[in-house]
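The values are calculated or read from the model by the stated rules, or taken from the named source; none is laboratory data. Remember, predicted model here, so these are calculated numbers, not experimental data. Because the Cβ atoms are built from the backbone with ideal geometry, glycine has one as well, and the counts that use them run over all protein chains shown. Remember, those area values only see protein heavy atoms, side chains included, never the ligands or the DNA or RNA. Shrake-Rupley method; radii C 1.70, N 1.55, O 1.52, S 1.80 Å.
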Amino acid sequence: MEFITYEQDGYVGIVTINRERALNALNSQVLEELEATFDAIDLDTTRAVILTGAGEKSFVAGADIGEMSTLTKAEGEAFGKKGNDVFRKIETFPLPVIAAINGFALGGGCEISMSCDIRICSENAVFGQPEVGLGITPGFGGTQRLARLVGEGMAKQMIYTARNIKADEAYRIGLVNAVYPLEELLPAAKKMAVGIAANAPIAIRNCKKAINDGMQVDMDAAIVIEEKLFGDCFETEDQKAGMGNFLEKDKEKKLKVVPFQNK
Ligand code: CO8
């Protein structure tokens, strides 16, 4: 891998986009390496993933403008699909993914953060969808996920004006859950990931699926999705251990890692 580094810290996987000389902009190779990295994450020994960018200035400064500048209509659509496929993989990844946004999150950078489950950022983070200034639409899910996250009116304002917003405004509109001094961002992301990892892994996976799938359908269908995934937790070692620990008053007992494939 040239542009992605992966590190495993206990139950937590840390994926870093590492193309600092281009502010971690996403070209085809970065997207391919990102996909291969997520494909290789061991679902039996990992319980949460952090996605961040290398350096102190940028999370991801967007899709690579140089690479996009000469695309034909068909190639543009194919490039959009390439990004969308990877981002959808992250969005539907069985484990929670926390975006630790350490600087610029513009265009495809804002979009990849929105495919993660949880976004936290540093004080120097800048968010925006500058695409219309470049003569294109947000093409890695921005027209869809931003409206779902911050509401249609605010999403339209950000996309039509192409105006960047700072961390405090991103926090105010609910685009990020918390803002930290830069040096505290990764420790905060790790602390959150470790907290998630201490809970029952099958239950966490089912919660992610229930929320993701339920948000796409009406409430009658959504609660059926929840019922199925709730029922699915029973008879698992997670459920037996989780409730057993409570009933035995043994809160210190760690929940066993259950192989994902055998759930
Ligand atoms: N693509 C390629 N290279 C980039 C990008 C990018 N998105 N962003 C920064 N770089 C490169 C610069 O070209 C520069 O390279 P070099 O040193 O070789 O000249 C290097 O990174 C450092 O950048 P700057 O010198 O510009 O650094 P500054 O601190 O002066 O400015 C900014 C930082 C404000 C972030 C500035 O670099 C910038 O405006 N970057 C572009 C931001 C942007 O517009 N992003 C959106 C791109 S469009 C997009 O993401 C669409 C997604 C959907 C695609 C769908 C496909 C069909």
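Couple of notes before you dig in:
- Residues that are of a type in the set (Asp, Glu) number at least 3 in the following helices (runs of 4 or more DSSP H) confined to the range 48-126: 73-91.
- Any chance Leu71 is within 12 Å of the ligand (Cβ to nearest atom), at positive phi and open to solvent by 20 Å² or more (accessible area, probe 1.4 Å): no
- For the range 150-166, residues that are open to solvent by less than 60 Å² (accessible area, probe 1.4 Å) and either farther than 25 Å from Ile90 by Cβ or out of contact with any Phe, Trp or Tyr (no Cβ under 7 Å at 6 or more places or on another chain) (or both) total 8.
- Residue within the range 37-47 that is over 16 Å from the mean Cα position of the chain (by Cα), modelled with pLDDT of 95 or more and open to solvent by less than 30 Å² (accessible area, probe 1.4 Å) present: no
- If you go through the range 189-209 and keep only what is crowded, with 20+ Cβ neighbours inside 10 Å and small (Gly, Ala, Ser), you end up with Ala189, Ala193, Ala197, Ala200.
- Taking the criterion of being within 22 Å of the chain's Cα centre (by Cα), free of Cβ contacts under 8 Å to residues at least 60 places away in the same chain and either buried (at least 17 other Cβ atoms within 10 Å of the Cβ) or not in a helix (DSSP H, G or I) (or both), the residues of the range 210-224 that qualify are Ala210, Gly214, Gln216, Val217.
- Subset of the range 74-103 (residues that are open to solvent by 30 Å² or more (accessible area, probe 1.4 Å), under 16 Å from Glu32 (Cα atoms) and small (Gly, Ala, Ser)): Ala78
- Among residues of the range 23-36, those that are within 14 Å of the ligand (Cβ to nearest atom), surrounded by fewer than 17 Cβ atoms within 10 Å (Cβ to Cβ) and of a type in the set (Gly, Ala, Ser), counted: 1
- Unique residue being touching a Phe, Trp or Tyr at 6+ places or on another chain (Cβ under 7 Å) and either of a type in the set (Gly, Ala, Ser) or more than 10 Å from the ligand (Cβ to nearest atom) (or both) when the list is Gly128, Gly139, Gly109: Gly109
- Any chance Gly231 is over 18 Å from Phe93 (Cβ atoms), modelled with pLDDT of 95 or more and part of a loop (DSSP other than H, G, I, E, B): no
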